[in-house]
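Only one structure is covered here, and it is reproduced in the block below.
Read-outs throughout are calculated quantities, based only on the coordinates presented, and are distinct from any laboratory measurement. As the structure is a computational prediction, the values presented were derived from the model and not from experiment. So basically every Cβ, Gly included, is an ideal-geometry build from the backbone, and we count neighbours across all protein chains shown.
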Amino acid sequence: MMWLKSSGHNIATLLVAGLLVGYALSFNNATGWALATITLGLVLLSLLSLLPRLSRIPVQVQLSPTPQGDLLTFQLAKNWRTENVTLQRQQPNGQLHFNPDRQRFETPIGLPRGIYTTVDVILTKTDPLHLFIKRRRRTLPTLLIVPPQPNDPLAQALFLQLRPWLKPDQAMSSTSPGMVTRDFRPYQPGDPSNQIDWKLSAKQQQPMLRVLDSDDPSAWCWLFFTTTTSQLENHLAAFYSFCQLTSDLPAQVYLIGTTQQLVTGQASDAFASYQPYAGQTVPITMIQRQQVILFGDDGPLSQALLAELRQHNSFVKAIQWPKGGANHANTL
């Protein structure tokens, strides 16, 4: 179809030029011959300007950050071969606009989350007089990592749910996770005397101290798990923003989907490629003795995973996703 459009346009132009030449020659005088020569010269020069092959024009594709978000940009080398060359994004579809300040083609329409190894475009070249046109479809090899779009309001709502546990001066009761005995060790000068286990000390013939969870806090663990695509993009974007918001905390980030990954909050490739968990059984995790926050869905596997985590970790909570937006955040 693209070839037919270009050929039809060029054939129509040639027909018009032929009619002009024929009309000029019908006078059979100097004026007619001059008009015919000028017309043929313009046609010949226009056709010669289209000789450079569009398949050999280098095009650089990248994501360029801006205050309004990332822009997909296409940079053409500045030389005679790229004169009067325009670009159109074919796959994914989208219009490209030329930025004269940056000398590049760009689109404000963001790419969907994912990792792209190729981008399809259509290169269009016209002669200086715009008489003829040439088009070519190109598949450009690239590596574009498009993470979830930030969702800061929802991330803030999630953080409000966790804030009571993130406070360092949080008071703990005798039934709170911090009072659970994790281990025993010999008493050393300066240790709190109220943590001495006198029965064990009598057996060991030396003072033995109870080591509590609160004495050596375990790392936080943010765990994202979903089995459905419903609200996936919204929840994943909020979790991605939440990980960046809490990057100063000692936390591990787990993404459990088609693959199970331990990542950092800045690992955009892992978030870009995430796909929901497709198994029928509870995924096996090696998360133990940590403070776990499960960012899951409402499915039965999420509930089963929550119960499994509570068997190996003293502190496990599940996020309640705000319903109706960030302004309606629930509390744990």
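Percent relative contact order of the stretch 54-146, based on C-alpha pairs within less than 8 angstrom and at least six residues apart?
That works out to 28 percent.
Can you give me the angle between helix 232-245 and the longest principal axis of the chain, using Cα atoms only, in degrees from 0 to 90, rounded to the nearest 10?
70 degrees
How far is it, in nm, from the label point at ALA219 to the one at LEU48 when both lie 7 Å from their Cα along the line to the Cβ?
6.8 nm
For the stretch 2-49, what Kirkwood radius comes out of the mean inverse Cα-Cα distance, in Å? Before the final figure, lay out the partial values.
On the way: mean 1/r = 0.0876 Å⁻¹.
This gives a value of 11.4 Å.
Under a GNM of the chain (C-alpha, springs under 10 Å), which listed residue has the highest mean-square fluctuation: GLN62, GLN206, GLN156?
Per the Cα network of the chain with a 10 Å cutoff, GLN206 tops the list.
For the chain, what is the calculated [θ] at 222 nm in deg cm²/dmol (nearest 500), taking -39500 (n - 2.57) for each run of four or more DSSP H residues and dividing by its residue count?
-10000 deg cm²/dmol
Volume per residue, Å³, of the convex hull around the alpha-carbon atoms of the stretch 6-155? Mind showing how you got there, number by number?
On the way: hull volume 18.7 nm³, N = 150.
Expressed per residue, the convex hull around the Cα atoms of the stretch 6-155 is 124 Å³.
Explain nothing, just the number: dipole magnitude of the chain about its Cα centre with +1 on each Lys and Arg Cβ and -1 on each Asp and Glu Cβ, in debye rounded to the nearest 20.
Working: 26 positive and 20 negative charges, 233 e Å.
About 1120 debye.
Which entry is the computed Rg and Dmax of the Cα atoms in Å for this structure: (1) 20.4, 63; (2) 21.6, 77; (3) 33.3, 128?
It is the one labelled (3).
For LEU249 and GLN60 in one chain, what is 0.36 nm times their gap in residues minus the Cα-Cα distance, to one decimal in nm? Show your work: numbers first, answer last.
On the way: separation 189, 0.36 × 189 = 68.04 nm, distance 3.80 nm.
Length difference between fully extended and current span is 64.2 nm.
Relative to the longest principal Cα axis of the chain, at what angle does helix 300-312 sit, 0 to 90 degrees, rounded to 10?
Roughly 40 degrees, rounded to the nearest 10.
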